[in-house]
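The values are calculated or read from the model by the stated rules, or taken from the named source; none is laboratory data. Small disclaimer: the values here were computed from a predicted structure and weren't measured. All Cβ positions, even for glycine, are placed from backbone atoms using ideal geometry, and neighbour counts span all protein chains on display.
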Amino acid sequence: MSKTFEQMKLNFIYLHELWLLTHSIKTRCEELFHETPLPDAGYYFKIDYNIHILINSILSDAANVKKLIAVPKNKTREESPEQFRLHIERSNYLQQKIKDIEIKEINSVRVRNTLQHFDEYLDQLNIDVTAGKMKGHDIAVYNFVISHWKAINPRPYPIRLYVCEEKTYYNMKASINLEKVYNEAFQVNEVIRKEINKEAGAEPGSFMVPLNF
């Protein structure tokens, strides 16, 4: 006989996982913003692949937050009916905890899709450039960081570009505002921290869980 969601024994780990993921987003965003300050005057551009590794980590954590809290409409091929039922109940449970927070940017999948299927998007761009269909752009930048769009003139076509002034990451035709991601993660993190009775400033840790209880 199936148990109700309330009878499931490891539900509390969902809360800790959401706390950990949003804490990771928060701290990584703070590191990103610290490493990409605006200049006192003028503009700059630089090639710093570590910044892009950091952004990829933020987006990966955001994707995992979305998977944890988004209520599914359809069962995946790997899920059993019982897993699918629990998936729905778990997501509804977490959604209820953060119901007063508008989560929009974390749920955005456009940029993550362009990264996950980067080769396919690059193939199409390659076709368009070769066919002369990119008349509006004289240059493209790849794995760049720029302080402002004005740092490079004419405005480049972005292939993995972070614009510090906007705190926005661009990959071809998609973009995501990482300041909004940060703000959403910060709010969720605070709500969950209080829900699991952690002090302000506490960091996620580890614990052992008895299984026969």
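Which of the residues spanning the range 171-196 are outside any helix (DSSP H, G or I), modelled with pLDDT of 95 or more and not polar (S, T, N, Q)?
Of everything in the range 171-196, those that are outside any helix (DSSP H, G or I), modelled with pLDDT of 95 or more and not polar (S, T, N, Q) turn out to be Met172, Ala174, Ile176.
Which residue pairs have Cβ atoms under 6 Å apart, sit 6 or more places apart or on different chains, and have a first residue in the range 1-17 that is within 13 Å of Glu89 (Cα to Cα) and a second that is surrounded by 10 or more Cβ atoms within 10 Å (Cβ to Cβ) and among the charged types (D, E, K, R)?
Phe5/Glu89; Tyr14/Arg90
How do the pairs read when you match residues in the range 90-109 that are within 13 Å of Ala63 (Cβ to Cβ) with residues anywhere that are buried (at least 17 other Cβ atoms within 10 Å of the Cβ) and aliphatic (A, V, I, L, M), using Cβ under 7 Å and keeping only pairs 6 or more apart or on different chains?
Glu105/Ile176; Glu105/Val181; Ile106/Ala62; Ile106/Val65; Ile106/Val181; Ile106/Ala185; Ser108/Ile176
Within the range 176-190, take every residue that is in contact with a Phe, Trp or Tyr (Cβ under 7 Å, 6 or more places away or on another chain) and within 18 Å of Asn56 (Cα to Cα) and give me the one that is surrounded by the most Cβ atoms within 10 Å (Cβ to Cβ).
Checking each candidate, the answer is Leu178.
Just wondering, is there one or more residues in the range 43-62 that are outside any helix (DSSP H, G or I), surrounded by 13 or more Cβ atoms within 10 Å (Cβ to Cβ) and free of Cβ contacts under 8 Å to residues at least 40 places away in the same chain?
Looking for residues that are outside any helix (DSSP H, G or I), surrounded by 13 or more Cβ atoms within 10 Å (Cβ to Cβ) and free of Cβ contacts under 8 Å to residues at least 40 places away in the same chain, one finds none in the range 43-62, hence no.
Residues of the range 90-113 being among the hydroxyl-bearing types (Ser, Thr, Tyr) and within 13 Å of the chain's Cα centre (by Cα), which ones?
Ser108 - this is the single residue of the range 90-113 that is among the hydroxyl-bearing types (Ser, Thr, Tyr) and within 13 Å of the chain's Cα centre (by Cα).
Of a type outside the set (A, V, I, L, M), within 22 Å of Ile51 (Cα to Cα) and in contact with a Phe, Trp or Tyr (Cβ under 8 Å, 6 or more places away or on another chain) - does that describe any residue in the range 102-120?
yes
If you check Ala131 against the conditions, is it among the small types (Gly, Ala, Ser), over 22 Å from Glu31 (Cα atoms) and within 24 Å of the chain's Cα centre (by Cα)?
no
Answer yes if at least one residue in the range 167-175 is surrounded by fewer than 13 Cβ atoms within 10 Å (Cβ to Cβ) and either of a type in the set (Lys, Arg) or over 26 Å from Leu18 (Cβ atoms) (or both), and no otherwise.
No, every residue in the range 167-175 fails to be surrounded by fewer than 13 Cβ atoms within 10 Å (Cβ to Cβ) and either of a type in the set (Lys, Arg) or over 26 Å from Leu18 (Cβ atoms) (or both).
Would you mind finding the one in Glu105, Glu89, Glu78, Glu82 that is under 30 Å from Ile159 (Cβ atoms) and acidic (Asp, Glu)?
Being under 30 Å from Ile159 (Cβ atoms) and acidic (Asp, Glu) holds for just one of Glu105, Glu89, Glu78, Glu82, which is Glu105.
From the residues in the range 65-89 that are under 17 Å from Phe12 (Cα atoms) and touching a residue at least 40 places away in the same chain (Cβ under 8 Å), which one is nearest to the chain's Cα centre (by Cα)?
Val65
Only one of Arg155, Arg160, Arg193 is among the basic types (Lys, Arg), touching a helix residue (DSSP H, G or I) at 6+ places or on another chain (Cβ under 9 Å), farther than 30 Å from His16 by Cα and crowded, with 19+ Cβ neighbours inside 10 Å. Can you tell me which?
None of the other options fit; the residue is Arg160.
Restricted to the range 1-27, and to residues that are of a type in the set (A, V, I, L, M) and outside any helix (DSSP H, G or I), which residue is surrounded by the fewest Cβ atoms within 10 Å (Cβ to Cβ)?
Here the residue is Met1.
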